[in-house]
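A.B. asks: Dropping a structure here in C-alpha coordinates format, bear with me for questions.
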Amino acid sequence: QAFSLFVKAKEVPAAGRCAGGGGGVRWWCCRQAFEELAGIHRHVALQHGGDIGQQAGLEAEVSPSSGPAPAGNGDGLNGHSCSSPEISCTLPDTSHLSYEDLTSKVGEVLLYYCYCEVKDPEKLCAWQKALCQHLHLTGKVRVASEGINGTVGGSKVATSLYIEVMLSQPLFKDILSKEDFKSSAGGAHCFPDLRVGVFKEIVPMGIDPKIVSYKETGIHLSPQEFHREVEQYLSQASKGQSDTILLDCRNFYESKIGHFQGCLAPDIRKFSYFPSYVDENLELFKDKRVLMYCTGGIRCERGSAYLRSKAVCREVYQLKGGIHKYLEEFPDGFYRGKLFVFDDRYAICSNEDIISACRYCGTLWDQYKLCSSQHCRQLVLTCPSCRNKGLTACCPVCQEKELKVTSRASGQTVKEECECTRRRPRVPIEHVSQRTLDAGK
(Lines give C-alpha, C1' and ligand atoms only; values in the text may rest on other atoms or scores of the structure.)
Protein backbone atom coordinates (compact mmCIF):
# COMPACT_ATOMS: atom_id res chain seq x y z
CA GLN A 1 0.00 0.00 0.00
CA ALA A 2 2.74 2.44 0.94
CA PHE A 3 4.70 1.37 -2.15
CA SER A 4 1.72 2.10 -4.41
CA LEU A 5 1.21 5.47 -2.77
CA PHE A 6 4.84 6.41 -3.39
CA VAL A 7 4.62 5.39 -7.06
CA LYS A 8 1.36 7.32 -7.46
CA ALA A 9 3.07 10.48 -6.23
CA LYS A 10 5.66 10.14 -9.02
CA GLU A 11 3.11 10.13 -11.86
CA VAL A 12 3.46 12.77 -14.55
CA PRO A 13 0.04 14.43 -15.10
CA ALA A 14 -1.60 13.32 -18.35
CA ALA A 15 -1.59 16.88 -19.69
CA GLY A 16 2.18 17.10 -19.32
CA ARG A 17 3.33 13.71 -20.60
CA CYS A 18 4.28 14.86 -24.07
CA ALA A 19 6.00 18.06 -22.98
CA GLY A 20 7.55 16.34 -19.98
CA GLY A 21 10.02 14.27 -21.97
CA GLY A 22 8.16 12.21 -24.57
CA GLY A 23 4.72 10.81 -25.20
CA GLY A 24 5.47 7.65 -23.29
CA VAL A 25 6.76 9.21 -20.09
CA ARG A 26 4.38 8.34 -17.26
CA TRP A 27 6.55 8.64 -14.12
CA TRP A 28 9.36 10.98 -13.10
CA CYS A 29 11.66 10.29 -10.15
CA CYS A 30 15.22 11.29 -9.23
CA ARG A 31 15.48 13.24 -12.51
CA GLN A 32 14.72 10.08 -14.50
CA ALA A 33 11.80 9.39 -16.84
CA PHE A 34 10.01 6.01 -16.77
CA GLU A 35 7.63 4.73 -19.43
CA GLU A 36 6.86 1.28 -18.04
CA LEU A 37 5.27 0.38 -14.71
CA ALA A 38 7.91 -2.29 -14.17
CA GLY A 39 10.64 0.32 -14.59
CA ILE A 40 9.35 2.72 -11.95
CA HIS A 41 8.59 -0.20 -9.64
CA ARG A 42 12.18 -1.46 -9.95
CA HIS A 43 13.61 2.01 -9.34
CA VAL A 44 11.48 2.66 -6.26
CA ALA A 45 12.25 -0.76 -4.80
CA LEU A 46 16.00 -0.25 -5.21
CA GLN A 47 16.34 3.43 -4.32
CA HIS A 48 13.50 4.35 -1.95
CA GLY A 49 13.08 1.46 0.46
CA GLY A 50 13.63 3.76 3.46
CA ASP A 51 11.05 6.23 2.19
CA ILE A 52 8.51 3.47 1.75
CA GLY A 53 9.05 2.38 5.34
CA GLN A 54 8.20 5.86 6.59
CA GLN A 55 4.98 5.84 4.61
CA ALA A 56 3.91 2.41 5.84
CA GLY A 57 1.75 4.08 8.49
CA LEU A 58 -0.81 4.99 5.85
CA GLU A 59 -3.55 2.37 5.80
CA ALA A 60 -5.41 3.65 2.75
CA GLU A 61 -5.35 1.25 -0.17
CA VAL A 62 -4.12 2.82 -3.42
CA SER A 63 -4.48 1.17 -6.79
CA PRO A 64 -1.52 1.93 -9.13
CA SER A 65 -3.92 2.33 -12.06
CA SER A 66 -6.43 4.60 -10.39
CA GLY A 67 -6.37 8.39 -10.75
CA PRO A 68 -5.82 10.81 -7.87
CA ALA A 69 -8.92 11.94 -6.05
CA PRO A 70 -9.89 15.61 -6.03
CA ALA A 71 -9.16 17.58 -2.86
CA GLY A 72 -12.02 17.43 -0.40
CA ASN A 73 -13.52 14.28 -1.92
CA GLY A 74 -13.91 12.21 1.24
CA ASP A 75 -11.44 11.50 3.98
CA GLY A 76 -9.32 8.90 2.20
CA LEU A 77 -6.82 8.59 -0.62
CA ASN A 78 -8.64 7.96 -3.88
CA GLY A 79 -11.92 7.44 -2.08
CA HIS A 80 -10.67 5.04 0.57
CA SER A 81 -11.05 6.11 4.18
CA CYS A 82 -8.19 6.40 6.67
CA SER A 83 -8.45 4.91 10.13
CA SER A 84 -8.03 8.32 11.80
CA PRO A 85 -11.07 10.55 11.11
CA GLU A 86 -9.09 13.68 12.08
CA ILE A 87 -6.69 13.31 9.16
CA SER A 88 -7.81 13.48 5.55
CA CYS A 89 -5.33 11.65 3.32
CA THR A 90 -6.60 13.13 0.07
CA LEU A 91 -4.26 14.03 -2.79
CA PRO A 92 -5.37 16.85 -5.12
CA ASP A 93 -6.43 16.24 -8.72
CA THR A 94 -3.58 17.35 -11.01
CA SER A 95 -4.78 15.68 -14.25
CA HIS A 96 -5.68 19.08 -15.74
CA LEU A 97 -2.18 20.45 -15.14
CA SER A 98 0.89 20.04 -17.30
CA TYR A 99 4.19 18.70 -16.04
CA GLU A 100 5.69 22.18 -16.57
CA ASP A 101 2.96 23.74 -14.42
CA LEU A 102 4.08 21.64 -11.47
CA THR A 103 7.84 21.79 -12.03
CA SER A 104 8.44 25.36 -13.21
CA LYS A 105 11.53 26.89 -11.61
CA VAL A 106 9.71 30.22 -11.37
CA GLY A 107 7.94 29.66 -8.08
CA GLU A 108 8.02 30.42 -4.40
CA VAL A 109 8.95 29.11 -0.97
CA LEU A 110 6.25 28.72 1.68
CA LEU A 111 6.88 28.97 5.40
CA TYR A 112 4.14 27.97 7.84
CA TYR A 113 3.33 26.19 11.08
CA CYS A 114 0.24 25.05 12.91
CA TYR A 115 0.02 24.07 16.56
CA CYS A 116 -2.76 21.55 17.17
CA GLU A 117 -3.26 18.14 18.75
CA VAL A 118 -2.25 15.36 16.36
CA LYS A 119 -3.35 11.89 17.47
CA ASP A 120 -1.50 10.05 14.69
CA PRO A 121 1.71 11.93 13.73
CA GLU A 122 2.97 8.98 11.63
CA LYS A 123 -0.10 9.06 9.43
CA LEU A 124 0.06 12.84 9.03
CA CYS A 125 3.75 12.53 8.15
CA ALA A 126 3.12 9.87 5.49
CA TRP A 127 0.29 11.88 3.93
CA GLN A 128 2.38 15.05 3.99
CA LYS A 129 5.25 13.32 2.22
CA ALA A 130 2.94 11.87 -0.42
CA LEU A 131 1.34 15.30 -0.94
CA CYS A 132 4.69 17.05 -1.42
CA GLN A 133 5.91 14.37 -3.82
CA HIS A 134 2.64 14.54 -5.74
CA LEU A 135 3.12 18.30 -6.20
CA HIS A 136 6.89 18.05 -6.84
CA LEU A 137 7.66 20.14 -3.76
CA THR A 138 10.98 20.04 -1.94
CA GLY A 139 11.86 21.32 1.54
CA LYS A 140 11.48 20.30 5.17
CA VAL A 141 8.38 19.36 7.14
CA ARG A 142 8.38 18.48 10.85
CA VAL A 143 5.39 16.66 12.31
CA ALA A 144 4.75 16.04 16.01
CA SER A 145 1.88 15.39 18.36
CA GLU A 146 1.82 19.17 18.91
CA GLY A 147 1.36 20.10 15.22
CA ILE A 148 3.24 20.68 11.96
CA ASN A 149 5.99 23.03 10.79
CA GLY A 150 6.96 23.31 7.14
CA THR A 151 9.15 25.12 4.63
CA VAL A 152 8.48 23.91 1.09
CA GLY A 153 9.35 25.20 -2.36
CA GLY A 154 7.89 24.62 -5.79
CA SER A 155 6.08 26.21 -8.72
CA LYS A 156 3.38 28.78 -7.93
CA VAL A 157 0.76 26.36 -9.24
CA ALA A 158 2.06 23.65 -6.91
CA THR A 159 2.34 25.88 -3.84
CA SER A 160 -1.16 27.29 -4.42
CA LEU A 161 -2.53 23.75 -4.58
CA TYR A 162 -0.58 22.87 -1.46
CA ILE A 163 -2.15 25.75 0.48
CA GLU A 164 -5.60 24.80 -0.79
CA VAL A 165 -5.22 21.19 0.34
CA MET A 166 -3.76 22.16 3.70
CA LEU A 167 -6.68 24.49 4.40
CA SER A 168 -9.14 21.73 3.48
CA GLN A 169 -7.46 19.30 5.91
CA PRO A 170 -10.01 18.70 8.72
CA LEU A 171 -7.20 18.49 11.24
CA PHE A 172 -6.35 22.17 10.67
CA LYS A 173 -9.89 23.48 10.28
CA ASP A 174 -10.50 26.80 12.07
CA ILE A 175 -6.82 26.88 13.12
CA LEU A 176 -4.81 27.37 9.93
CA SER A 177 -5.63 30.24 7.57
CA LYS A 178 -4.23 31.46 4.25
CA GLU A 179 -2.54 34.35 6.07
CA ASP A 180 -0.50 31.82 8.07
CA PHE A 181 1.50 30.93 4.95
CA LYS A 182 4.50 33.23 4.45
CA SER A 183 5.80 33.25 0.87
CA SER A 184 8.93 34.50 -0.87
CA ALA A 185 10.38 34.18 -4.36
CA GLY A 186 12.11 30.84 -4.93
CA GLY A 187 11.09 27.33 -5.85
CA ALA A 188 11.96 23.65 -5.53
CA HIS A 189 15.56 24.44 -6.43
CA CYS A 190 16.02 26.22 -3.09
CA PHE A 191 16.24 22.84 -1.31
CA PRO A 192 18.41 19.83 -2.13
CA ASP A 193 15.57 17.38 -1.46
CA LEU A 194 12.39 16.69 0.48
CA ARG A 195 12.63 15.74 4.16
CA VAL A 196 9.51 14.89 6.13
CA GLY A 197 9.71 13.32 9.55
CA VAL A 198 8.09 12.83 12.96
CA PHE A 199 9.73 14.59 15.89
CA LYS A 200 8.97 15.33 19.53
CA GLU A 201 8.79 19.08 18.84
CA ILE A 202 7.93 20.93 15.64
CA VAL A 203 10.61 23.47 16.56
CA PRO A 204 13.65 22.05 18.37
CA MET A 205 13.83 23.94 21.68
CA GLY A 206 14.78 20.86 23.68
CA ILE A 207 11.97 21.18 26.22
CA ASP A 208 9.21 18.57 26.44
CA PRO A 209 6.00 20.11 25.00
CA LYS A 210 4.13 18.61 27.97
CA ILE A 211 6.25 20.74 30.31
CA VAL A 212 6.19 23.99 28.34
CA SER A 213 3.22 24.07 25.99
CA TYR A 214 2.44 26.32 23.04
CA LYS A 215 -0.87 26.93 24.81
CA GLU A 216 0.93 29.17 27.33
CA THR A 217 2.34 31.52 24.72
CA GLY A 218 2.73 35.29 24.96
CA ILE A 219 0.32 37.92 23.63
CA HIS A 220 0.32 38.05 19.83
CA LEU A 221 0.78 41.45 18.19
CA SER A 222 -0.03 42.13 14.54
CA PRO A 223 2.74 43.71 12.44
CA GLN A 224 1.00 47.08 12.82
CA GLU A 225 0.76 46.73 16.62
CA PHE A 226 4.35 45.51 16.86
CA HIS A 227 5.54 48.43 14.72
CA ARG A 228 3.89 50.91 17.08
CA GLU A 229 5.38 49.16 20.11
CA VAL A 230 8.89 49.26 18.63
CA GLU A 231 8.46 52.91 17.71
CA GLN A 232 7.46 53.75 21.28
CA TYR A 233 10.28 51.61 22.70
CA LEU A 234 12.94 53.33 20.59
CA SER A 235 11.59 56.74 21.55
CA GLN A 236 11.71 55.92 25.27
CA ALA A 237 15.09 54.17 25.00
CA SER A 238 16.65 57.26 23.42
CA LYS A 239 15.68 59.14 26.59
CA GLY A 240 16.89 56.37 28.90
CA GLN A 241 13.35 55.69 30.10
CA SER A 242 12.51 52.30 28.59
CA ASP A 243 11.20 49.40 30.67
CA THR A 244 11.02 47.19 27.57
CA ILE A 245 13.35 44.62 26.00
CA LEU A 246 13.11 43.98 22.27
CA LEU A 247 14.28 40.36 22.13
CA ASP A 248 15.50 38.52 19.03
CA CYS A 249 14.81 34.77 19.48
CA ARG A 250 16.98 33.70 16.58
CA ASN A 251 20.57 32.45 16.34
CA PHE A 252 23.55 34.81 16.17
CA TYR A 253 24.25 34.21 12.47
CA GLU A 254 20.66 35.22 11.67
CA SER A 255 20.63 38.45 13.68
CA LYS A 256 24.12 39.28 12.41
CA ILE A 257 22.88 40.12 8.91
CA GLY A 258 19.50 41.60 9.89
CA HIS A 259 17.59 42.66 13.01
CA PHE A 260 15.28 45.24 14.54
CA GLN A 261 16.87 48.45 15.67
CA GLY A 262 17.60 48.49 19.38
CA CYS A 263 17.15 44.74 19.86
CA LEU A 264 18.85 42.38 22.27
CA ALA A 265 20.19 39.53 20.11
CA PRO A 266 21.57 36.61 22.18
CA ASP A 267 24.86 35.20 20.95
CA ILE A 268 23.50 31.64 20.71
CA ARG A 269 24.10 29.14 17.93
CA LYS A 270 20.95 27.04 18.33
CA PHE A 271 17.41 27.71 19.50
CA SER A 272 17.81 24.79 21.90
CA TYR A 273 20.22 27.05 23.84
CA PHE A 274 17.49 29.69 24.33
CA PRO A 275 16.02 28.17 27.55
CA SER A 276 19.48 28.11 29.17
CA TYR A 277 20.03 31.69 28.02
CA VAL A 278 16.83 32.74 29.77
CA ASP A 279 17.78 30.82 32.94
CA GLU A 280 21.22 32.46 33.09
CA ASN A 281 19.82 35.96 32.52
CA LEU A 282 16.61 36.02 34.56
CA GLU A 283 17.64 39.24 36.33
CA LEU A 284 17.77 40.97 32.94
CA PHE A 285 14.09 40.19 32.32
CA LYS A 286 12.81 40.97 35.81
CA ASP A 287 9.77 43.30 35.75
CA LYS A 288 10.31 44.04 32.04
CA ARG A 289 7.93 44.20 29.13
CA VAL A 290 9.38 41.86 26.50
CA LEU A 291 8.73 42.20 22.77
CA MET A 292 9.86 38.99 21.06
CA TYR A 293 10.32 38.22 17.39
CA CYS A 294 11.73 35.52 15.10
CA THR A 295 11.62 34.61 11.40
CA GLY A 296 8.08 33.28 11.01
CA GLY A 297 6.70 33.29 14.54
CA ILE A 298 7.11 29.65 15.55
CA ARG A 299 10.13 30.04 17.81
CA CYS A 300 8.32 32.80 19.70
CA GLU A 301 5.43 30.44 20.43
CA ARG A 302 7.56 28.15 22.59
CA GLY A 303 10.13 30.79 23.54
CA SER A 304 7.53 33.15 24.97
CA ALA A 305 5.87 30.25 26.80
CA TYR A 306 9.20 29.35 28.40
CA LEU A 307 9.88 32.96 29.40
CA ARG A 308 6.39 33.28 30.88
CA SER A 309 6.90 30.06 32.86
CA LYS A 310 9.70 31.81 34.80
CA ALA A 311 7.22 34.40 36.11
CA VAL A 312 9.73 37.27 36.09
CA CYS A 313 8.49 39.46 33.23
CA ARG A 314 5.71 41.97 33.61
CA GLU A 315 4.38 41.21 30.12
CA VAL A 316 5.49 39.07 27.17
CA TYR A 317 4.46 39.92 23.62
CA GLN A 318 5.39 38.35 20.30
CA LEU A 319 5.25 39.37 16.64
CA LYS A 320 2.53 37.35 14.92
CA GLY A 321 3.80 35.91 11.63
CA GLY A 322 7.35 36.92 12.49
CA ILE A 323 9.67 39.13 10.48
CA HIS A 324 8.22 37.68 7.27
CA LYS A 325 4.80 39.25 7.89
CA TYR A 326 6.27 42.45 9.31
CA LEU A 327 8.31 43.06 6.13
CA GLU A 328 5.20 42.60 3.99
CA GLU A 329 3.66 45.56 5.83
CA PHE A 330 6.78 47.60 6.60
CA PRO A 331 9.59 46.86 4.09
CA ASP A 332 11.33 50.07 5.20
CA GLY A 333 10.32 49.87 8.87
CA PHE A 334 12.47 49.23 11.92
CA TYR A 335 13.91 45.94 10.66
CA ARG A 336 17.16 46.59 8.85
CA GLY A 337 19.30 44.27 6.75
CA LYS A 338 18.56 40.84 5.31
CA LEU A 339 16.27 38.10 6.59
CA PHE A 340 18.09 34.80 7.05
CA VAL A 341 16.28 31.74 5.68
CA PHE A 342 17.12 28.06 6.15
CA ASP A 343 17.53 27.04 2.52
CA ASP A 344 20.04 27.46 -0.30
CA ARG A 345 19.22 31.18 -0.64
CA TYR A 346 20.50 31.89 2.91
CA ALA A 347 18.90 35.34 2.92
CA ILE A 348 16.13 37.43 1.36
CA CYS A 349 15.91 41.21 1.42
CA SER A 350 13.26 43.93 1.62
CA ASN A 351 15.57 46.96 1.84
CA GLU A 352 19.03 47.89 0.62
CA ASP A 353 20.67 48.11 4.05
CA ILE A 354 23.79 46.04 4.73
CA ILE A 355 24.55 45.88 8.46
CA SER A 356 27.23 43.17 8.55
CA ALA A 357 30.80 43.02 7.28
CA CYS A 358 33.33 40.70 5.67
CA ARG A 359 35.15 38.84 8.45
CA TYR A 360 38.53 39.45 6.78
CA CYS A 361 38.61 43.00 5.44
CA GLY A 362 35.63 44.61 7.20
CA THR A 363 33.90 45.88 4.09
CA LEU A 364 30.09 45.82 4.16
CA TRP A 365 28.94 42.35 3.15
CA ASP A 366 25.98 40.10 4.05
CA GLN A 367 25.97 37.12 1.71
CA TYR A 368 26.79 33.87 3.49
CA LYS A 369 28.79 30.97 2.11
CA LEU A 370 29.65 27.67 3.75
CA CYS A 371 33.14 27.46 5.20
CA SER A 372 35.47 26.01 2.57
CA SER A 373 36.92 23.46 5.00
CA GLN A 374 35.58 20.08 3.93
CA HIS A 375 34.11 19.01 7.26
CA CYS A 376 33.03 22.39 8.68
CA ARG A 377 29.40 23.51 8.45
CA GLN A 378 29.88 27.07 9.71
CA LEU A 379 28.63 29.99 7.63
CA VAL A 380 31.10 32.72 6.75
CA LEU A 381 30.81 36.29 5.48
CA THR A 382 33.68 36.81 3.08
CA CYS A 383 33.47 39.36 0.24
CA PRO A 384 34.37 38.55 -3.40
CA SER A 385 37.73 40.32 -3.09
CA CYS A 386 38.75 38.21 -0.09
CA ARG A 387 37.41 35.03 -1.65
CA ASN A 388 39.57 35.70 -4.71
CA LYS A 389 42.54 35.85 -2.35
CA GLY A 390 41.65 32.41 -1.02
CA LEU A 391 40.13 33.63 2.24
CA THR A 392 37.11 31.36 2.25
CA ALA A 393 36.97 29.80 5.73
CA CYS A 394 35.24 30.73 8.97
CA CYS A 395 38.41 30.94 11.11
CA PRO A 396 42.23 30.54 10.94
CA VAL A 397 42.05 26.88 11.99
CA CYS A 398 39.78 26.06 9.05
CA GLN A 399 41.72 28.34 6.71
CA GLU A 400 45.10 26.73 7.38
CA LYS A 401 44.15 23.09 7.17
CA GLU A 402 41.35 20.64 6.64
CA LEU A 403 39.68 19.65 9.91
CA LYS A 404 40.54 16.20 11.18
CA VAL A 405 37.71 13.75 11.37
CA THR A 406 37.52 11.20 14.13
CA SER A 407 35.49 8.03 14.02
CA ARG A 408 33.14 6.75 16.64
CA ALA A 409 33.10 3.08 17.57
CA SER A 410 30.09 2.67 15.31
CA GLY A 411 32.05 4.03 12.37
CA GLN A 412 30.05 7.27 12.22
CA THR A 413 32.23 10.27 11.49
CA VAL A 414 31.91 13.54 13.39
CA LYS A 415 33.35 16.96 12.69
CA GLU A 416 35.88 18.59 14.95
CA GLU A 417 34.79 21.91 16.40
CA CYS A 418 36.59 24.83 14.79
CA GLU A 419 38.17 27.79 16.55
CA CYS A 420 35.23 30.17 16.21
CA THR A 421 32.83 27.58 17.67
CA ARG A 422 35.05 26.82 20.67
CA ARG A 423 35.54 30.53 21.39
CA ARG A 424 31.81 31.27 21.59
CA PRO A 425 30.18 30.57 25.00
CA ARG A 426 27.29 28.14 24.69
CA VAL A 427 25.12 30.38 26.86
CA PRO A 428 26.20 34.04 26.97
CA ILE A 429 25.46 36.05 30.10
CA GLU A 430 24.34 39.64 29.57
CA HIS A 431 26.40 41.47 32.18
CA VAL A 432 25.25 44.96 31.18
CA SER A 433 21.56 45.32 30.43
CA GLN A 434 22.22 48.98 29.50
CA ARG A 435 23.49 47.75 26.13
CA THR A 436 19.88 47.43 24.97
CA LEU A 437 19.25 51.10 25.66
CA ASP A 438 22.53 52.08 24.02
CA ALA A 439 21.52 50.14 20.91
CA GLY A 440 18.21 52.00 20.93
CA LYS A 441 20.07 55.28 20.71
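The values are calculated or read from the model by the stated rules, or taken from the named source; none is laboratory data. Just so you know, these numbers come straight off a predicted model, no measurement behind them. As a convention, Cβ positions derive from the backbone with ideal geometry for all residues, glycine included, and neighbour counts pool all protein chains shown. Ligands, DNA and RNA are excluded from the accessible area calculation, which covers all protein heavy atoms including side chains. Shrake-Rupley method; radii C 1.70, N 1.55, O 1.52, S 1.80 Å.
A.B. asks: Using a 1.4 Å probe, how large is the accessible area of E328, given in Å² and rounded to the nearest 10?
C.D. replies: Near enough 100 Å² of accessible area.
A.B. asks: From the Cα gyration tensor of the stretch 305-409, with a ≥ b ≥ c the square roots of its eigenvalues, which class applies: rounded if a/c is under 1.5, or else prolate if a/b is larger than b/c, or else oblate?
C.D. replies: oblate
A.B. asks: Which order do the peptides 102-114, 35-47 take when ranked by the mean count of other beta-carbon atoms within 10 Å per residue, highest first?
C.D. replies: Output ranking for 102-114, 35-47: 102-114, 35-47.
A.B. asks: Applying a 10 Å radius around every beta-carbon, put 296-302, 337-343, 275-281 in order of their mean neighbour count, most first. If you can, show how the numbers build up before the last one.
C.D. replies: Values: 296-302: 25.6, 337-343: 20.7, 275-281: 17.1.
Listed from highest to lowest mean packing, they are 296-302, 337-343, 275-281.
A.B. asks: Next question, about the same structure. Give me the accessible area of V397, 1.4 Å probe, in Å² rounded to the nearest 10.
C.D. replies: 30
A.B. asks: Quick one: accessible area per residue over the stretch 219-349, 1.4 Å probe, rounded to a whole number of Å²? Don't jump to the answer; show the numbers that get you there.
C.D. replies: Details: 4790 Å² over 131 residues.
Per-residue value: 37 Å².
A.B. asks: Go through the stretch 348-383 and name the trypsin sites (Lys or Arg not before Pro) that are in a DSSP coil and have 11 or fewer other Cβ atoms within 10 Å of their Cβ.
C.D. replies: Details: sites: R359, K369, R377; in loops: R359, R377.
Sparse-neighbourhood loop trypsin sites (Lys or Arg not before Pro): R377.
A.B. asks: Sticking with this one: Using a ≥ b ≥ c from the Cα gyration tensor of the stretch 214-289 (square roots of the eigenvalues), is it rounded, prolate or oblate, where a/c under 1.5 gives rounded and otherwise the larger of a/b and b/c decides, a/b for prolate?
C.D. replies: rounded
A.B. asks: Over the stretch 194-346, what is the relative contact order in percent, taking alpha-carbon pairs closer than 8 angstrom and at least six residues apart?
C.D. replies: Computed value for the stretch 194-346: 31 percent relative contact order.
A.B. asks: Between their Cα atoms, which of K105/K325; K140/K320; K8/K338; K105/K389 are more than 31 Å away from each other?
C.D. replies: Pairs exceeding the cut-off: K8/K338; K105/K389.
A.B. asks: Report K140's accessible area, 1.4 Å probe, all protein chains in place, as a number in Å² to the nearest 10.
C.D. replies: Solvent-accessible area, nearest 10 Å²: 100 Å².
A.B. asks: Can you give me the Cα centroid spacing of the stretch 299-364 and the stretch 240-259 in angstrom?
C.D. replies: 8
A.B. asks: 5 Å is the cut-off here: which amide hydrogens, built 1.01 Å from N in the peptide plane, fall below it relative to V341, excluding neighbours closer than 5 in sequence?
C.D. replies: Residues meeting the criterion, in which the H sits 1.01 Å from N, are Y346, A347, I348.
A.B. asks: Starting from the stretch 148-229, pick out the trypsin sites (Lys or Arg not before Pro) whose DSSP state is loop and whose Cβ has at most 12 other Cβ atoms within 10 Å.
C.D. replies: Counting only loop positions with at most 12 other Cβ atoms within 10 Å, the trypsin sites (Lys or Arg not before Pro) in the stretch 148-229 are K173, K210.
A.B. asks: Using 0.36 nm per residue of separation minus the Cα-Cα distance, give me the extension gain between A357 and S272 in nm, one decimal.
C.D. replies: Working: separation 85, 0.36 × 85 = 30.60 nm, distance 2.67 nm.
Taking 0.36 nm per residue and subtracting the Cα distance, the gain is 27.9 nm.
A.B. asks: Is the shape of the stretch 103-198 best called rounded, prolate or oblate, per the rule: a/c under 1.5 gives rounded, else a/b larger than b/c gives prolate, else oblate, with a ≥ b ≥ c the square roots of the Cα gyration tensor eigenvalues?
C.D. replies: prolate
A.B. asks: Would you grab the residues whose amide H sits under 5 Å from the one on I245? Only those 5+ places off in sequence or on another chain, please, with H modelled 1.01 Å from N.
C.D. replies: R289, V290, L291
A.B. asks: Now a separate question. Relative to a virtual label point 7 Å from the Cα of F199 in the Cα→beta-carbon direction, which members of the stretch 253-293 show backbone nitrogen distances below 16 Å?
C.D. replies: 269-275
A.B. asks: Ok, one more. Roll a 1.4 Å probe over the protein chains and send me the accessible area per residue for the stretch 103-198 in Å².
C.D. replies: Using a 1.4 Å probe on heavy atoms only, each residue of the stretch 103-198 averages 37 Å².
A.B. asks: Residue by residue, what Karplus-based ³J(HN,Hα) values in Hz, rounded to whole numbers, does the stretch 288-298 have, using 6.51, -1.76 and 1.60 with θ = phi - 60° and x for Gly and Pro?
C.D. replies: Along the stretch 288-298, the couplings run 9, 8, 10, 9, 9, 8, 8, 5, x, x, 6 Hz.
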